[in-house]
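A short write-up of the structure that comes next.
The values are calculated or read from the model by the stated rules, or taken from the named source; none is laboratory data. Keep in mind that what you see is a predicted model, and the values were worked out from it rather than measured. Cβ coordinates were reconstructed from backbone atoms using ideal geometry, including for glycine residues, and neighbour counts include every protein chain displayed. For the accessible areas, the whole protein counts, side chains as well, though only heavy atoms, and no ligand, DNA or RNA atoms are used. Shrake-Rupley method; radii C 1.70, N 1.55, O 1.52, S 1.80 Å.
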Amino acid sequence: MDQGTRVELIGRLTEAISSVTTAHPLRVAIDGPPAAGKTTLADELAVVLRAQDREVIRATVDDFLFPRAQRYRRGQYSAEGCYFDAHDHAALCRVLLDPLGPGGDRRFQCAAYDKDTDTSSSPPATTAPADAVLLFDGVFLLRPELIDRWDLRIFVSIPLEQTVDRARVRGTAPAGSTADTAEIERSWRYRYIPSQQLYFATARPTDHADIIVNNDQPERPTWEVRPHSATPGL
């Protein structure tokens, strides 16, 4: 594995993205557990790629949720519900991944769910240039339903126990209060961490990743480019 500064990591990932040639927009999955740093990494990559005059589409799996009643139908703390019921993968493929993929018309939508109204949504479609890059972050992206929709697969890894610590910080910092700490802890212990364990046991996501980023020390990360990868240029 390689180790370096944050800037060196972003530079290496940018090189990897630039090395992949497709006849359609490049679809990059940035997978990993909750609070692993996926969104931050995707945003950092977007800044660098846009500075290189590359058209970037940023999207997240949180905009492809099912309404709350469906995703919590097995219970608020169900790990199976988190893995099987939370995300509308059919809509994700229909309005975003397939239009940007081989044979697609490149007319895409970045969301199919409105969190403010807890309902499905259908924003206006946009046409992507053929050389655009989709940076898509979220959980469970390398599962069987989605695995073939990605042209480059990045997995952001941290110890699951560390995700609890990060979640506590994220959950309490805005209000400066620890009032919700117990609820955050319970959600992580009963829903989010077990759902990741289920994901690893059934989908083996790291086996399918082209690049694994160990992000337990964000300013001094390590990364591995998989030698068995079929991705051009890696």
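Within the set of other residues whose C-beta is less than 14 Å from the C-beta of residue 204, count the net charge using Lys and Arg as +1 and Asp and Glu as -1.
So the surrounding residues net to +1.
So what is the diffusion coefficient of region 79-138 in µm² per second by Stokes-Einstein at 25 °C and 0.890 mPa s, using a Kirkwood Rh over Cα pairs?
192
I want the local charge near residue 104. Using Cβ-Cβ distances under 11 Å, sum +1 for each Lys or Arg and -1 for each Asp or Glu among the other residues.
Combined, the nearby Lys, Arg, Asp and Glu give +3.
Might you report the magnitude of the Cβ-based charge dipole of the chain about its Cα centre, with Lys and Arg at +1 and Asp and Glu at -1, to the nearest 20 debye? Don't jump to the answer; show the numbers that get you there.
Working: 27 positive and 33 negative charges, 74 e Å.
It comes to approximately 360 debye.
Using +1 on the beta carbon of Lys and Arg, -1 on that of Asp and Glu, and nothing else charged, what's the dipole of region 98-148 about the Cα centre, debye to 20? Each step should come with its number before you reach the end.
On the way: 4 positive and 9 negative charges, 19 e Å.
It works out to roughly 100 debye.
If we count every other residue with Cβ under 15 angstrom of residue 90's Cβ, Lys/Arg +1 and Asp/Glu -1, where does the sum land? Display every interim value, and only then the final one.
Values: positive: 71, 94, 143, 149; negative: 63, 85, 88, 98, 145, 148.
Its environment carries a net charge of -2.
Report the Stokes-Einstein translational diffusion coefficient (µm² s⁻¹, integer) for region 73-191, Rh taken as the Kirkwood radius over Cα pairs, at 37 °C with viscosity 0.692 mPa s.
So the translational diffusion coefficient is about 194 µm²/s.
If you count the DSSP beta bridges with both ends in the chain, what percent of them are antiparallel, to the nearest 5?
35
Just the number, please: carbon plus sulfur as a percent of the accessible area of the chain, 1.4 Å probe, no ligands or DNA/RNA counted.
Ligands and nucleic acids excluded, carbon and sulfur reach 50 percent.
Distance from the Cα centre of region 55-88 to that of region 132-171, in angstrom?
13
So what is the accessible area of the chain per residue, in Å², with the probe set to 1.4 Å?
Result: 47 Å² per residue.
Evaluate the relative contact order of the chain (contact order divided by residue number), counting alpha-carbon pairs under 8 angstrom at least 6 apart; express in whole percent. Present the calculation step by step, with values, prior to reporting the outcome.
Details: 427 pairs, mean separation 74.5, N = 234.
Normalised by residue count, the contact order of the chain is 32 percent.
Need the C-alpha centroid separation for region 1-32 versus region 111-130, integer Å.
Distance between centres, Cα-based: 26 Å.
When the chain is modelled as a GNM with alpha-carbon springs shorter than 10 Å, which of 116, 165, 63 fluctuates the most?
Between 116, 165, 63, it is 116 that shows the largest mean-square fluctuation.
What is the ratio of the Cα radius of gyration of region 1-74 to 2.2 N^0.38 Å, with N the residue count, to two decimals?
Dividing the Cα radius of gyration by 2.2 N^0.38 Å gives 1.36.
Binning at 10 angstrom from zero up to the longest distance, how are the C-alpha pair distances of the chain distributed in percent?
Each 10 Å bin holds this share of Cα pairs: 8, 31, 38, 21, 3, 0.
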